[in-house]
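To keep things clear, I will list the structure first and then write my remarks on it.
The values are calculated or read from the model by the stated rules, or taken from the named source; none is laboratory data. Please read all numbers here as calculations on a predicted model, not as lab measurements. Note that each Cβ is placed from the backbone with ideal geometry, even for glycine, and that neighbours are counted across all protein chains shown.
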Amino acid sequence: MDDDDDDFSNFEDDELDSLYEKNINKNVQEITFRRSVAVQRDLMNNILPGEKPIYEEIQRKVTFGPTHHKFNEESLSTYLYPTNFEVRDYQFDIVKKSLFTNILCAIPTGMGKTFIASTVMLNYFLWTQTGKIIFTAPTRPLVAQQIKACLGITGIPSDETAILLDKSRKNREEIWANKRVFFTTPQVVENDLKRGVLNPKDIVCLVIDEAHRATGSYAYTNVVKFIDRFNSSYRILALTATPGSDLDSVQEVVNNLDISKIEIRTEESIDIVKYMKQREKVKIQTGLTTEIEDVIEQLGIAIQPVLQQAVELGIYEECEPSRINSFKAMQLSQKIIANPTLPEGIKWRNFFILQLLNHVGQMLKRIKIYGLRTFYNYFINKHKEFTTKYNLGKSTNKIAAGFYFHPILKTLRENCDKHVANPKFLGHEKLQNIRDELIDFFENGAPDSRVIIFTELRESALEIVKCVDSMNDKRIRPHIFIGQARGKEGFDEVTYSRKHKPKGRKKEDKLRRQEEERRIEEQRKLEKEQQKLERSVSRTGSSEDAQINGMNQKRQKETIKEFKEGIYNVLVCTSIGEEGLDIGEVDLIICYDTTSSPIKNIQRMGRTGRKRDGKIILLFSSNEATKFEQAMENYSNLQKLITKNFIEYKKSDRILPTSINPECVKKFIEINESDKEVNNMESDEIIKYATQRMMGKTPKKKTTKSRKVSKEPKSKQKQFFMPDNVVTGIIKASTLVNKYNTDENGNKVRQEIKAKPVEKKKLATLDSIENDPSSSDLEDFDLQDYGTLKHDQKTLVDILGTVKEETQAQVLPNDNYSGSMENSMVLPVKREKREKDVPQTIGKLDSRSGDSRVSSAKPLATEEVRLPIEDMSYFAKHYSKQDSISINSIPNLSEANKASLIPHTSFTQGIIGLFRDMRENKPEQNIEFNRIKCIGKGLQNGVLKQKNILARALWIITISVTFKNCRCRQCTKIHRN
Amino acid sequence: MDQQKQTERLKAELWCAVDKQVKELVPSLNVKGNITYSPKFINALMSLTYLQLTDIGTDLELFANHAGRGTITRDDLMLLLRKTPLLQEMVSNLNMNSLEQ
């Protein structure tokens, strides 16, 4: 099927071995290409700085060995494709590809991603005997949707499936062990992988829904990274409607999820268009009402002086006051804060100016896009906050004062107060549009239709609800739908001013204050109750309440239930409604505002047109239309880029042997009756149902299970999943360094030299000589008036044995070493009372210790450490067990260990001292040398008489002695001389 | 004081010998003719030689003592050079020559 899948015939034998041994069947070959490149040179023919003479390119060739998963051999020849639904070409294509490579499947919402996932899961379920198949999605409704598809379409037996949504479920170990198909959230998978409950090597297929979230350190990324460490043979299928907002984020997702190919389809793709439900997109450009224009103008007059100042200071670009951009102002103010070169005074003045511009920008945005009421709430809040602070003397911001106390704002406030008080006044033309569209929709459409209105701001959502409700049309029943955070409370003037009032220091003052506080609190409570009662009377009360308190999950669920039941049929959502909620079939989407994020726009629009045709109304005012077009164009450009191979992919394992090319079998899958019910269930019911199925249907079974559990030891030992072939235990750093030798080609060669086998008798005797390295203490070493230093290779075997553990030990059984035992490096030292010889011996040992260290890593390369034959025979003659001390690991005397405490002989000390002094350039030494040199020169010139001819003769001897160990040509010459 | 002067004198003579030797030897070692040496090298070599000589001296003295003799003989030297038969041979020849001379 895939031509680029490698077969294994061209593998070296040992390569194959290592593959089988490892089970991580991924093999990465890196080939580095270097080519010289013409470089620019200066007149002196030197390469200019920054020029690289070599072009380097690293090619990675990734190959995969046979997988460790067990197959059902008989089912491998085919793959199933359910025909319960109409067979769609693009789905068929994607399924076929995603069975053999890791695919990121980006198709528009409602085009059957779940079906693709179910089919892939089904086939991996049939192909493998034990492999675990995991479906992950970030939210419950998505999981439920998938369960529905899996049970209702593919007929994966429900007693093989498991749902793990809540972390509280106790017997997760058992579930992971017994089931094969899992529906869960990525967080659960991540947790259980880390806890060691789930063995990453069992996983054969991982489906990731809403894959565009796999960026940063989201659970998806961690899960894939974790599994990759143990298992390279598993299939990833990533699903999303929107792979990312730019090429970089798409690349990140691809990298994080080991994707080999992106299958992207847009609404315009030829093979998709015919299946697309009709989605009518209506764009309505709204103007600004005269009231709004008035307000904008008044604001402009008030801010003009500040803007002027900002432009003069060069901190804000010149523009019309009505076009002040809050985002730009905020960015600039942050830049100013971060600039360390500015003096504090200027910095903060500039900051406050920009902050004010930021607020004004916000006001402008609100009034232009959302309407007068939203604007006025914000404005009054900011105004109140500043004036209270200023009047109390807590703020001395003259610039802001100039704005907030501007006389024109007074008229602005009066006007706005008038408008806001009028319940019939509509804050924005968009609201009128909404009313018109809703009436139009409910008159023409089915009465059981649903509408969702999207907006970014909660305040605006509430305003919409109120506005729609005030139409008093019985067919239209709106409700708000927002997240669970509490609404921001506005600036509270009373509390603030009381807090910062000058306080009395006396006790009565304090008591009075406390009394006052209590009274105010009670008053407030009463007010709140009153408001609540009022709200509960009014029809939009519940929405208002929600806006103030936020909606917790329970309220959200209730609201959605009511929405589905038809108690409410218009839902006004903030961004929470955009994805992942199973809101059901919606026929009309109204976007009250637009976002510059294409993903959000697409998700919003994806709420409709799933099973039947839908309509989308986009409301634009001011520059929103261009913003929207821009965002969508960027997105379609991105899609083009993706199809043009700008993304770097990773190669993935085919898992199935290349020799097998399954044939497609299209088949209508019979689903048993009980699972059929699933198709008609709602998400929560599905989860409940499936959980029941997972646990076993009858309560009887449950009890037996729980009994079983109680029999088992309560705390199961924690399992640690290790990558294959890891070496456990303690490893000496030196052995890590020298595991490999490089041969003449620069390739790594494992140190394995075969040695001749030798009878075990010898081994035994040597064993008895052998000492533990730790017992070769220094005291023994000090008593060197006798002593045969013996360096025994055998011990190296032991050291190595512990280091390399069984893996190595099996490869290199002890017998291998006994061959070298004959030549084992045993260093004879003649009995001598002379102290002087000790350092020499040490010196010798020292020189050899370097060798032996190397040889500890390459145990059988013995040539370097063998003694000459004379010495061997000498040793054989003189060696007896009693007078031997054996030193196994030769102390490195040059380093700071205990051995360094042994004083050097005067001779060695002299040498060390001499060179140390020379290195440090000691003046005394220099003076001495100079004097000697002078005398010497004198002698040479005959000023002084040379007395001692013997000196020369002696010197000849000494120089020869010094060079005695050197066998080079020059030195032998000297010897001969 | 006298002692110090003597060692200085001895060292100076050694310096002469070393200097001369190095001057003689360097061209012969020097195939390409680009090896030079710094004055510091002579100093270091001289010091080393001196150290080696004193070492040898004490050794020889102790060897003689061990043999119950008051004078150091050729045998002591042979004992010292027991590990380098090549040198032993050389020294014995040299000694013969010098004796003959």
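What's the number of the condition A:Ile208 fails, among (1) touching a Lys or Arg at 6+ places or on another chain (Cβ under 6 Å); (2) modelled with pLDDT of 85 or more?
Failing condition for A:Ile208: (1).
Given the conditions (1) more than 24 Å from A:Asp294 (Cβ to Cβ); (2) touching an Asp or Glu at 6+ places or on another chain (Cβ under 6 Å), report the number of the one that A:Lys384 does not fulfil.
Just one mismatch for A:Lys384, condition (1).
Could you identify the single residue in A:Leu944, A:Leu867, A:Leu939 that is modelled with pLDDT of 60 or more, surrounded by 16 or more Cβ atoms within 10 Å (Cβ to Cβ) and in a helix (DSSP H, G or I)?
When all the criteria are applied, what remains is A:Leu939.
If I filter segment A:229-249 for residues that are at pLDDT below 85, under 38 Å from the mean Cα position of the chain (by Cα) and among the aromatic types (Phe, Trp, Tyr), do I get at least one hit?
The answer is yes, given that some residue of segment A:229-249 is at pLDDT below 85, under 38 Å from the mean Cα position of the chain (by Cα) and among the aromatic types (Phe, Trp, Tyr).
Could you say whether any residue in segment A:55-76 is touching a Lys or Arg at 6+ places or on another chain (Cβ under 8 Å), outside the structural domain of A:Tyr234 (by the TED database) and free of Cβ contacts under 8 Å to residues at least 12 places away in the same chain?
Among the residues of segment A:55-76, not one is touching a Lys or Arg at 6+ places or on another chain (Cβ under 8 Å), outside the structural domain of A:Tyr234 (by the TED database) and free of Cβ contacts under 8 Å to residues at least 12 places away in the same chain, which makes the answer no.
Is it true that B:Gly33 is modelled with pLDDT under 80 and exposed (fewer than 14 other Cβ atoms within 10 Å of the Cβ)?
It is true that B:Gly33 is modelled with pLDDT under 80 and exposed (fewer than 14 other Cβ atoms within 10 Å of the Cβ).
One line per residue, one yes/no per condition, for (1) in a helix (DSSP H, G or I); (2) at pLDDT 85 or above; (3) in the same structural domain as A:Met111 (by the TED database):
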site	(1), (2), (3)
A:Tyr275	no, no, no
A:Glu280	no, no, no
A:Glu297	yes, yes, no
A:Gly300	yes, yes, no
A:Gln304	yes, yes, no
A:Ile337	yes, no, no
A:Gln355	yes, yes, no
A:Met363	yes, yes, no
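Scan segment B:57-76 residue by residue and report those that are within 23 Å of B:Glu89 (Cβ to Cβ) and of a type in the set (D, E, K, R).
Residues satisfying the conditions are B:Asp59, B:Arg74, B:Asp75, B:Asp76.
Given the conditions (1) of a type outside the set (D, E, K, R); (2) in contact with a Gly (Cβ under 8 Å, 6 or more places away or on another chain); (3) without any contact (Cβ under 8 Å) to a residue 60 or more places away in the chain, which single one is not true for A:Pro423?
Going through the list (1) of a type outside the set (D, E, K, R); (2) in contact with a Gly (Cβ under 8 Å, 6 or more places away or on another chain); (3) without any contact (Cβ under 8 Å) to a residue 60 or more places away in the chain, A:Pro423 breaks only (2).
In segment A:34-84, how many are of a type outside the set (Phe, Trp, Tyr), outside any loop (DSSP other than H, G, I, E, B) and out of contact with any Pro (no Cβ under 7 Å at 6 or more places or on another chain)?
Residues that pass the stated criteria total 17.
Scanning for something of a type outside the set (Asp, Glu), farther than 26 Å from A:Ile660 by Cα, assigned to a loop (DSSP other than H, G, I, E, B) and touching a residue at least 40 places away in the same chain (Cβ under 8 Å), does segment A:111-121 turn up at least one residue?
Taking every residue of segment A:111-121 in turn, at least one turns out to be of a type outside the set (Asp, Glu), farther than 26 Å from A:Ile660 by Cα, assigned to a loop (DSSP other than H, G, I, E, B) and touching a residue at least 40 places away in the same chain (Cβ under 8 Å).
Within segment A:393-407, is even one residue hydroxyl-bearing (Ser, Thr, Tyr) and assigned to a loop (DSSP other than H, G, I, E, B)?
So far as segment A:393-407 goes, yes, one or more of its residues are hydroxyl-bearing (Ser, Thr, Tyr) and assigned to a loop (DSSP other than H, G, I, E, B).
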